[in-house]
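The values are calculated or read from the model by the stated rules, or taken from the named source; none is laboratory data. Fair warning: this is a prediction, and the values are worked out from it, not measured in the lab. Positions of Cβ are generated from backbone atoms using ideal geometry, with glycine treated the same way; all protein chains shown enter the neighbour counts. Side chains included, ligands, DNA and RNA excluded: accessible areas come from the protein's heavy atoms. Shrake-Rupley method; radii C 1.70, N 1.55, O 1.52, S 1.80 Å.
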Amino acid sequence: MQYLIPHYYKEFHCAGGVCPDTCCAGWQIQIDPSSLKRYRKAKGTLGSRLHNEIDWKTQSFRRYSGRCAFLNEDNLCDLYLEGGGESAFCKTCRMYPRHIEEFEGLREISLSLSCPEAARLILGCKEPVRFLHAENQREEPPYEDFDFFLFTKLSDARSLIFSILQNREKPVHVRLAAVLALAHDIQQRIDKNALFQTDDLLRRYSAPPVFEWFEHRLNDLTYAEQFDETRRQTLDHLLGILSRLEILRPDWKPFVQNAQNILKKHLPCTQEQNRQFRTVFTDRMTEQLMVYFIFTYFCGAVYNENAYGKMKFAFAGTILIRELCRAQWLESVQNNGNAAGGAQVPEKHFQLFLRTAWRYAREIEHSDRNKYRMEQLLGDEEQFSLENLFSLL
């Protein structure tokens, strides 16, 4: 079995009681069969509490006001404190915020953006993300109907996507346009059952002129008639998706509505406002978000043959987080009367942006229904055509 992790993976340490949020509230914590069996046999005071605080029908911990029954007033886990540490955890609690994607002969392990400390590692990473390989001798049974040829092409494409996204000599909007178009073109070959053409496509996108071509294309779009209106409508449609998804936390909906109101009032930003915003929500942060989403989800297209859908999901997540952060920045600027104004403000904004990122991830990534629905809605080519998405760059 082979393993793949981002280089910052081993830097993660749980912040515990000083975490600005908790992973023990806001969603149902499922208990794996092995842990359930162990909890049934637990004795003493903790055993009695486990028996009472587990919903044995749904195989999950009971919740009170959205909080796990074992989460105490200090935002610490009583099961951890009274049960002998991490060994008392079920698989869900032991693994989080680690996220695993399973393929034949390969496990890809990432840190979930929904964890505040993981979000800090992801968005705060200054260097391009490297991916580390490991291997052990354990053999897993082969997956039935696993399309290894498609997976190989997706993996090759993802490697090129990382190379494009991490080429910091090129403007970030050009890099995003190139990888969007690449996924679009790969999807055409998947749909036509012409994967044998993928290698030629990847060679074409590997050539240096590709950046110049997309830079010219984006410039042409900027000067096109109705560009601002296209951008406004596409952003409205994208933000509108959030209102059509399952709501996991009650404060999410008013947060999104407030952001939409601010953006409608202040967009389009002036060139100077855009420049100032990019000093706090940097191109590097945009790159790291895209790399995170692509690593986590793109190769999952081997199971539904929707590579372009996975790319759109990654792109949408990056743009939505950026625009929700922009709304908070605009509100902050309006309240404070200036945009930058001091050495401490960027750090203050960074903490605000981290919170936005992990809140988004908790609402979207921790609901299989929301992930499926979002990918489905992004498939509307009238609203989310390639050129409409380009307008958001």
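Values as computed for the structure displayed
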read-out	value
Entries of LYS126/LYS192; LYS91/LYS170; LYS91/LYS310 with Cα pairs more than 32 Å apart	LYS126/LYS192; LYS91/LYS170
Paramagnetic reach from CYS14 (point 7 Å along Cα→Cβ, amide N under 13 Å) across the range 72-103	72, 75-98
Ordering of 23-29, 228-234 by burial proxy (mean other Cβ atoms within 10 Å per residue, highest first)	23-29, 228-234
Charge dipole of the chain about the Cα centre (unit charges at C-beta), most positive-ward option of LEU352, SER110, LEU71	LEU71
Cα shape, the range 234-298, gyration tensor, a/c 1.5 rule	oblate
Contact order normalised by residue count of the chain, Cα under 8 Å, 6+ apart, percent	21 percent
Percent carbon-and-sulfur accessible area, the range 20-98, ignoring ligands, DNA and RNA, probe 1.4 Å	49 percent
Whole-Å semi-axes of the ellipsoid equivalent to the range 179-298 (Cα gyration tensor, √5λ, descending)	31, 22, 16
Spatial extent of the range 156-215: Rg and Dmax, with the Cα atoms as the point set, Å	11.3, 35
Amide H partners (placed H, <5 Å) of LEU111, local residues excluded	HIS99
The chain: angle of helix 172-191 to the longest principal axis, Cα-based, in degrees nearest 10	80 degrees
Net +/- balance of residues flanking LEU221 in space, Cβ distance below 13 Å, scoring K and R +1, D and E -1	-4
Long-range Cα-Cα pairs in the range 22-102 (distance over 18 Å), rounded percent	37 percent
Cα-based equivalent ellipsoid of the range 253-387: semi-axis lengths in Å, sorted from largest, via gyration tensor	29, 15, 14
Within the accessible area of the range 257-393 (1.4 Å probe), percent carbon and sulfur	46 percent
Spin-label pair ARG130/ASN335, simplified geometry with 7 Å Cα→Cβ offset, distance in nm	4.1 nm
Cα gyration tensor shape of the range 133-236, rounded if a/c is under 1.5, else prolate or oblate by comparing a/b with b/c	prolate
Overall dimensions of the chain as given by Cα atoms, namely Rg and Dmax in Å	22.3, 73
Heavy-atom accessible surface of the range 132-211: percent carbon and sulfur, 1.4 Å	49 percent
